[in-house]
Amino acid sequence: MDKLVVNGGKKLFGTAVVPAAKNALLPIIAASLMLDGESCIKNCPDLSDIRASRDIINSVGSTAVMHGGDFSVVYADSDICSISHSLCTSMRSSVLYLAPLLYRRGKVTISLPGGCNIGARPVDIHLDGLCRMGAKAECIADSITLTAAAGLKGINYKLRIPSVGATQTLIMAAATAKGLTILKNCAREPEVADLVHFLNCAGAKITGAGKSEIMIQGVESLCGVEYTPIADRIFAATVLAAVNACRGICLVKNYPVEYMESFEKQLKKTGLCIWHLASSALVLKTGEKAADIQVHTGYYPAFSTDMGPLLSAALVNGNGTLTLYETVFENRFSYMEEFIKLGLCCRVQGREYYQTKRKDVYIANLAAKDLRAGAAAVVAALAKRGCFTIEGVNFIDRGYEKIEQVFSALGADIRRVSVDREKANETE
Ligand code: UD1
């Protein structure tokens, strides 16, 4: 078990490089099981969710290897069609293996997926869509088995809500189903469009990427490809939030400018300056402008629910107020308790979160309770003068490769210590 120790209050100066997006990588890696031969996904950070994806692929008889930013997959036939309970519950994206295994094996058994506790997160739309395409479902306790021995068929289907994961499941299923599929009310997130681009590179026939109606003409088979996913807009938002809260000047390379507008717009109100230079952004903050900020999160292109905690962290030293209305998940404000420990005045009423500055606190032990809440705690600790610890780093490791190195490269005083080693030293 690790924790982070932060000596906060330092301005940030230096360069950060944005890796490929976790939320694009996870579906693309799952879909690579549908591709014949070998595939290689480039620019892949070493995240615990990516390791879990590797373990899932190896556990069903194919080969996945992570090496120096390359994630390689070689598909092999096998009769294994179930994923272990522990791998399924290690992350939400285990549900993305339903469609690939159904295509490959005609049958798949998974446990209900795990992941961050940010809401109920059911999988009914994934299952409903697959069943309408011809799969038979059997649910016993928390285990789901789908069978489609004769394969799936194309359908005309409107998603109940524009779920990112369900859109990705149904795109994958339709890519090799018989006939034409038309999906309506699809998620328009850039990571969904990136999955479409990946599958099209592999030979799929999909149009409408990034739109709410997607048309998919099923093909017999897909072939292995080399692919570089889009840059991680949530990682980029984390760096912007840190510069906004700590002040300083940073160059952010591989910056996904086309997806950052809604986040940039809010931070500019508090004095952040941003220049877009080719594939980078130069980000500068010298002083605080007072601003009262009100944001509703929502489905893309609305303000991203994953960026809500980071916006809160960006404003910990702000002179105004933040009112954040969360529309996607019910439990998105687990960082509030930690921010209160840092001296902020915060409250939640239903889905509405309110935050303003109150007093300075110089020592606090914080906890990461989910991935983005954890990143928000790190940014907030970096921005406050004092000494802070952050436990629950395993949540942060799901989406950031060595977050302490990202920020120490920008001059922050942050290090990771092993709690077990600390205890061993105490007893020695
Ligand atoms: C993905 C992202 C996550 C992001 C979220 C919303 C990945 C790996 N994760 O999660 O970081 O916060 O999109 O942008 O890409 N829902 C149902 N039934 C379903 C599926 C979803 O009711 O079958 C609900 C969920 O409970 C939630 C809403 O739909 O309230 C949106 O969830 P969804 O878009 O599916 O999120 P994920 O794909 O899990």
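The values are calculated or read from the model by the stated rules, or taken from the named source; none is laboratory data. All values derive from a computational prediction rather than experimental measurement. Heads up, the Cβs are rebuilt from the backbone with ideal geometry, glycines too, and the neighbour counts pull from every protein chain shown. We work out accessible area using only protein heavy atoms, side chains counted, and drop any ligands, DNA or RNA first. Shrake-Rupley method; radii C 1.70, N 1.55, O 1.52, S 1.80 Å.
Across the range 181-234, the number of residues qualifying as part of a strand (DSSP E or B) and either farther than 13 Å from I41 by Cα or under 19 Å from the mean Cα position of the chain (by Cα) (or both) comes to 15. In the range 294-323, which residue that is touching a Ser or Thr at 6+ places or on another chain (Cβ under 7 Å) and closer than 11 Å to Q266 by Cβ is farthest from the ligand (Cβ to nearest atom)? Checked the range 294-323; the qualifying residue farthest from the ligand (Cβ to nearest atom) is G318. If you check E330, E288, E258 for being out of contact with any Asp or Glu (no Cβ under 9 Å at 6 or more places or on another chain), under 26 Å from R398 (Cα atoms), of a type in the set (D, E) and in a loop (DSSP other than H, G, I, E, B), only one passes: E330. Taking every residue in the range 270-296 that is assigned by TED's automatic domain parsing to the domain that holds T15 and pairing it with any residue that is of a type in the set (A, V, I, L, M) and in a loop (DSSP other than H, G, I, E, B), at least 6 positions away or on another chain, the pairs with Cβ-Cβ distances below 6 Å are T270/A291; K285/L272. All conditions but one from (1) surrounded by fewer than 19 Cβ atoms within 10 Å (Cβ to Cβ); (2) within 12 Å of the ligand (Cβ to nearest atom); (3) among the aliphatic types (A, V, I, L, M) apply to A137; the one that does not is (2). There is no residue in the range 61-83 that is touching a residue at least 60 places away in the same chain (Cβ under 8 Å), within 15 Å of the ligand (Cβ to nearest atom) and either among the hydrophobic types (A, V, I, L, M, F, W, C) or assigned by TED's automatic domain parsing to the domain that holds Y97 (or both). When N156, N117 are checked against the criterion of being among the polar types (S, T, N, Q), within 14 Å of the ligand (Cβ to nearest atom) and surrounded by fewer than 20 Cβ atoms within 10 Å (Cβ to Cβ), N117 stands alone in meeting it. For the range 348-428, the helices (runs of 4 or more DSSP H) that sit wholly inside it and include 1 or more residues that are of a type outside the set (A, V, I, L, M) and away from the ligand (no atom under 16 Å from the Cβ) are 393-396, 403-408, 419-427. When K369 is tested against (1) open to solvent by 10 Å² or more (accessible area, probe 1.4 Å); (2) farther than 21 Å from K22 by Cβ, exactly one condition is not met: (2).
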